[in-house]
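Structure first, then comments.
The values are calculated or read from the model by the stated rules, or taken from the named source; none is laboratory data. Source: prediction; values computed, not measured. So basically every Cβ, Gly included, is an ideal-geometry build from the backbone, and we count neighbours across all protein chains shown.
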Amino acid sequence: MAGRGSRFQLLANKNLEYKKPKPLILIKGKPMIQWALESMPFADLPERPAQTKLKVYPRSFIFICRKDHQDDFRIEDKLKEVFTDVIRVVFIDKITRGAAETVLAAKEFINSEEDIIVSDSDHYFDGSLLYEKIISKDKDTQGIIPVFRPSNNDPKWSFSLVEEGDVITAVGEKDKELAAKGALANIGGYYFSHGNVYVNEVKEAIRENDLTGDEGKKEFYVAPIYNRLIKKRMKIVAAITPRVWGLGTPKDVEFFEQNYKG
């Protein structure tokens, strides 16, 4: 939610909706961020109450946004209109060096033994298997990544190499070698069994300048944090997801609007 959204801004003169911050762009009558939250059946939303045994209520939602989006678009007010006044909104003054670092803006709320989910705002997926994995995980599981089978080996995704028992043995960002091995693509939602494990690992990655991604565009991405945990012999598993819709580009949104039937 705190990125540039540049691909939409480039088409803002043709579609006024794209002048908005990316999470607020309306898609089939709902802001993009609402689709992302509706991906998770356990998220108890005003327009779609959770029917699951485990529920996550709006008071636990944390949205990390750009300060200029508050100044220019009143993004906090818009989010509270959708998710109620009890949500938390945290602002950053400048673009960070990647999503993993951005999440640290909320570290005072997540640096604990409690579990967390870090999610992008530009997707919609069937999160039922993610829910099943969460409620059935064993005590050794430190993370769960919802993944899908990409239509080709284009290394534009972050990838997880999934072995027997859905155990993930390697995670990489835009990793050609993992793609060639048939790794599954990560959706952009990341479950960690303990928030403090995430916070500590990201801080360590930053200290070590452990940037990943394409040369010249390397960042502190969230997915590779799991690879660091795997190297420390922590167990990470996959939730293989049947229905996934990317909403990250204008073409993705157009395809979704034309083909999603509910």
Residue by residue through the stretch 139-168, note down the ones that are farther than 22 Å from Leu211 by Cβ, in contact (Cβ under 8 Å) with a residue 24 or more places away in the chain and either touching a helix residue (DSSP H, G or I) at 6+ places or on another chain (Cβ under 7 Å) or not in a strand (DSSP E or B) (or both).
Asp140, Gln142, Ile144, Pro146, Arg149, Pro150, Asn153, Gly165, Asp166
Return the only residue of Ser128, Ser121, Ser112 being touching a residue at least 40 places away in the same chain (Cβ under 8 Å), of a type in the set (Gly, Ala, Ser) and crowded, with 19+ Cβ neighbours inside 10 Å.
Ser121
Of all residues being in contact (Cβ under 8 Å) with a residue 24 or more places away in the chain and outside any loop (DSSP other than H, G, I, E, B) in the stretch 13-29, which is surrounded by the fewest Cβ atoms within 10 Å (Cβ to Cβ)? Just the residue, please.
Tyr18
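Please determine, by comparing only the residues of the stretch 1-12 that are surrounded by 16 or more Cβ atoms within 10 Å (Cβ to Cβ) and either charged (D, E, K, R) or touching a strand residue (DSSP E or B) at 6+ places or on another chain (Cβ under 8 Å) (or both), which one is modelled with the lowest pLDDT.
Within the stretch 1-12, the first condition is being surrounded by 16 or more Cβ atoms within 10 Å (Cβ to Cβ), and the residues that meet it are 1-3, 5, 8.
So of that shortlist, the ones also either charged (D, E, K, R) or touching a strand residue (DSSP E or B) at 6+ places or on another chain (Cβ under 8 Å) (or both) come out as 1-2.
Values: Met1: 76, Ala2: 62.
Looking at the filtered set, the residue picked out is Ala2.
The rows are residues; the columns are (1) in a helix (DSSP H, G or I); (2) farther than 21 Å from Leu211 by Cα.
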| position | (1), (2) |
| --- | --- |
| Asp71 | yes, yes |
| Asp85 | no, yes |
| Lys94 | no, no |
| Glu101 | yes, no |
| Lys107 | yes, no |
| Ile117 | no, yes |
Is it true that Ile62 is in contact (Cβ under 8 Å) with a residue 40 or more places away in the chain, over 27 Å from Lys261 (Cα atoms) and among the hydrophobic types (A, V, I, L, M, F, W, C)?
yes
Subset of the stretch 31-61 [over 18 Å from the mean Cα position of the chain (by Cα) and either among the basic types (Lys, Arg) or buried (at least 21 other Cβ atoms within 10 Å of the Cβ) (or both)]
Arg48, Lys53, Lys55, Arg59
Does Glu76 qualify as being in contact with a helix residue (DSSP H, G or I) (Cβ under 8 Å, 6 or more places away or on another chain), outside any strand (DSSP E or B), acidic (Asp, Glu) and farther than 21 Å from Asp210 by Cβ?
yes
Of all the strands (runs of 3 or more DSSP E) wholly in the stretch 171-262, which have at least 3 residues that are buried (at least 18 other Cβ atoms within 10 Å of the Cβ) and of a type in the set (A, V, I, L, M)?
235-240
